[in-house]
Structures are given as C-alpha cells and as structure tokens.
Amino acid sequence: MASAGVFRSLRNYNYRVWAAGALVSNVGTWMQRTAQDWLVLTQLTRNNASAVGIVMALQFGPQLLLLPWTGFAADHFNQRKLLMVTQATMGALAIALGLLTVIGLVQLWQVYAFAFVFGCASAFDAPVRQTFVAELVGDTDLSNAVALNSMSFNAARMIGPAAAGLVIASVGTGWAFLLNGASFAAVLASLSLFRVAELRPSLRTHRARGGMLEGFRYVASRPDLVAMLVMLFLIGTFGLNFPIFISTMAVRVFHTDARGYGVLSSFMAAGTVTGALLAARRERARFGSLLTGAAVFGLGCTLAAIAPSYWLFAGALAITGVAALTFTNSSNSLMQLSTEPAMRGRVMALRVAIVLGCTPLGAPIVGWVADHPGPRWSLAVGAASGFAAALVALYAIRRQMHLQHGDGFGEPDPR
C-alpha cells in the first residue's frame, strides 16, 4: 500500500507518458552538465573555477533577465505547445555545441554563448514545466507528482554524470552533448502522445489577470511566500553551486579523473533520490520541512568541507542531496498549492528565477573562493547559506505563532 501511495500519480496515463520521456531527457541533461563543466575546467582552461562560474551565470542569468515574459508566458500560452518549442530549441542547441566539440573547433567564448542562449530557452521552459504538472494530475496529487518529478530528475542525476564520465573517457566530451540533444526527442514524443482531452487546464491558462507586476504585488501580500523566496535566494545563490563544489574538490583536492568526478555527482544524486522518495510518501509538504531541509543542507556542506577522504566527501554529498531535495521540493509544492491558480505561473516563474537566476550573483563569488582560499572554503559558503536560510525559517515560524489570525504556513491560502 505504501508503494502504491508513493507512485500514485503514475496511475494517470498522461503523467506516465510524461515521466517516461522526462527520465530519458533528464539523463541527457545531466550528461551535458557534467561534460560542459569538465570541458571548461580541464580542456578550455587550466582548472579555472571562475570560468565554470561564468558559464553557470550565463546559463541561469536569463531566469532573472526574462522574468516578466516567462511568467506571462506560463500563465497565458498553451503550456503543452510552449514546452514543445522550448524542448526542441534546447535539443538543437545541444547538438550544435556537440558538433563543434567533436570536430575540435569549440572555444570558451562559444561555450559562453551557447550557455546564454540555452539559458534563455530554459527560462521559458522551467516555470511551464513545473506548473504543467497540475494539468496532468490536478491539485489532489500535485505534491506527489512534484516529488516524482524530482525523483526522476535526480535518478537521472545518478546515471547521467557517471555515463558522461564514461563517454568523455571513451570517445570525447562532444558526444555527451550529442547524446543530450538526441534525448530531447523523448520529451517531444511524450508531448505528442498525450490524451489532450484528459488534461486539466486551470484558470491561469485562460483568464490570467494582469502582468508580472501583479504577481509581485501578490507575493508581497503573502508573508509565507516572501519567507520562502528569501530562503530560496540564500541557498539558490550561494548553496546550489554543486558544479563548482564537486568539480574543484574532485580535481584539486582528491586529484581524480572524469570517472571519479561523475561518481561524486552520482553520490549526491543518490541522496536527492532518497529525499524525493521521502517527499513522495508525504501527503503534503509543510513549512517545517523547509526548516529541516535548510539546516541539514548547512550541516551536509560543513561535513563535505572538512571531509578528509574521497569517500567521506561522497557520503557528505549524499546527505547534502537529501537536504537539498527536501528543501526545494517542499518549496515547490507549498508555493503551488498555496497560490491562486490564476497566479501560479507568475509565482513559479519568480521562484525559478530566484533559485536559478540568482546563480549569476553567487557562482562567480563561489568560483573565486574556490580559486583563492580553496575549494573547501567554497563549501563553507554553501554551509553558511543553509544555516542562514534556517534562521529565516525560524523567524517566520516564530512570527506566525504570534499571529492571532491569517493563513498558516504550508496551508492553502483560502482567499
């Protein structure tokens, strides 16, 4: 019975089709992320973590730059068709970068350019992909579907980096990009196989009011949403820089090769899959989950920073992965379920922009710390972000306890 509860969203045909396509594409995505970091760190530069930080900044910066338009698109356009456009675009970009790399013409500035254009497509894709889950399963199973999406993404995170390490060592970095480009065909196929009549389009698709400015006003009127976004800013800016953390520790501290780097990424992914399974078992997320996730995230980064050996570092990454998933998944479910349907696209666009788009602020800083004081100190920055977010959660919970009326954290907004 517990297993049926954990995987209950898979009883829905459209969600099964979506999950199958997404898993294939997610493996390709993690192969590309691993290969891109390795290409920049070891082939196009001399172990320059700042260059990896710049790539991350260019890839995730559009989440902030395009925020007014991505939120509007998520609330107004046909989400299935918009996803087909964004997924096809990202697949074509991956193939183009792969071809440049395979024939030996790739340069650092080209990786920068591809990262930025890919980031623009992803900026439109991410909020739609997150809110589209509600069209597949409805609000009743939304928390479970979000958790299963996270499980798929992070199961691919176990497979993708390790597979990328094997591909890089065997036939070269460019082939990892090409395989990712091909993997987008799976998502496009799943989107075309939906039973469209069984989708559950919400009010946001047809009667969304106003523009992104109204979304900002809506969030400002909700202290619970503000607290979650502040926590997301702290951890998203300074804590979710794992390409820098893992690559620099692998190369500079433990002196491993591409295979060893991929194994470390897979260990962290194993932790996130565990976190996703725990999230899928819960009927719904609570604000207390954010506090727990943030605090354990800080602890995990601390243990990783002081780990004396490769395998202890890998174990600390697994703990950090559980915490990171608990935190991000809880914020995703809470923000969707407590937001009016007509505002979901804009609120989730703001969430994605903060989680991913604030990387341009944090990645170069974390990269500089890794280059100068050292990789272990960059993990200390991540640990500080987790503990700071936990303090924000404690303040928010204490404030809520002193209120005599209003909405409880983690409860749907009745307005």
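The values are calculated or read from the model by the stated rules, or taken from the named source; none is laboratory data. These numbers were taken from a predicted model, which means no experiment stands behind them. Cβ coordinates were reconstructed from backbone atoms using ideal geometry, including for glycine residues, and neighbour counts include every protein chain displayed. Protein only, heavy atoms only, side chains kept; ligands, DNA and RNA dropped before computing areas. Shrake-Rupley method; radii C 1.70, N 1.55, O 1.52, S 1.80 Å.
With N counted as the residues of the stretch 234-300, its alpha-carbon radius of gyration over 2.2 N^0.38 Å works out to 1.33. The packing ranking, built from the mean of other Cβ atoms within 10 Å per residue, places the peptides 106-117, 292-303 in the order 292-303, 106-117, highest first. With contacts taken as Cα pairs under 8 Å and at least 6 residues apart, the stretch 119-252 reaches a relative contact order of 25 percent. Contact order for the chain, expressed relative to its length and based on alpha carbon pairs under 8 Å spaced 6+ residues apart, stands at 28 percent.
Span-like helix check, the chain: qualifying full DSSP H segments, with Cα axial length of 20 Å or more and mean Kyte-Doolittle of 0.5 or more, are 79-102, 108-137, 142-170, 173-192, 223-238, 258-281, 287-306, 310-337, 375-402.
Just checking the listed ones, G104, G345, G260: in the Gaussian network model of the chain with Cα springs under 10 Å, the one fluctuating most is G104. For the stretch 328-375, the per residue solvent-accessible surface stands at 22 Å², with DNA, RNA and ligands left out and a 1.4 Å probe. Extending 7 Å from Cα along the Cβ direction at Y13 and again at A92 yields two label points whose distance is 3.2 nm.
For the chain, the mean projected area of the C-alpha convex hull, equal to one quarter of the hull surface, is 18.4 nm². Per-peptide packing, taken as the mean over residues of other Cβ atoms within 10 Å, places 225-231, 31-37 in the sequence 31-37, 225-231 from highest down.
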